[in-house]
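In what follows, a structure is listed as structure tokens, so that the remarks can point back to it.
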Amino acid sequence: MRLLPWTGADGKACYLSTDDPHSLLSHLADDVEAAQLASAEQVLAGARSVLGDPKAGERAVRFALTRAVESLGDVLRVAVSRSSGTRQSGT
């Protein structure tokens, strides 16, 4: 079972039940994971910039933190999905 990088409409985890890493859905999940990781790099750079700016206001800091929390959730989901060479998670 592979934990997919998205949730269902009810907010619950979605899993893919296949041993075929070349299936269409596996490739889609890989592409989404890659996009989430790339986005997280951009969010991290932006958050560092905001935090390094002593003139950044509360709105900018809150926006940067909100995006960072979202990205961290995505990255953790990818990490859990890829952990220990398995695609299983208890989350």
* Those residues that are touching a residue at least 24 places away in the same chain (Cβ under 8 Å) and surrounded by fewer than 18 Cβ atoms within 10 Å (Cβ to Cβ), I need them from region 36-58; list them, please. => 37, 39, 44
* Structure fact -> Scanning region 59-74 residue by residue, the ones that are crowded, with 18+ Cβ neighbours inside 10 Å and aliphatic (A, V, I, L, M) total 2
* Taking only region 22-77 into account, find how many residues are in a helix (DSSP H, G or I), modelled with pLDDT under 95 and over 15 Å from the mean Cα position of the chain (by Cα). => 4
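Only residues that are small (Gly, Ala, Ser) and at pLDDT below 90: list them for region 78-91, please.
Selection gives 81, 83, 84, 85, 89, 90.
The values are calculated or read from the model by the stated rules, or taken from the named source; none is laboratory data. Everything quoted here is computed from the prediction, not taken from an experiment. Cβ sites come from the backbone with ideal geometry, for glycine too, and all protein chains shown count toward neighbours.
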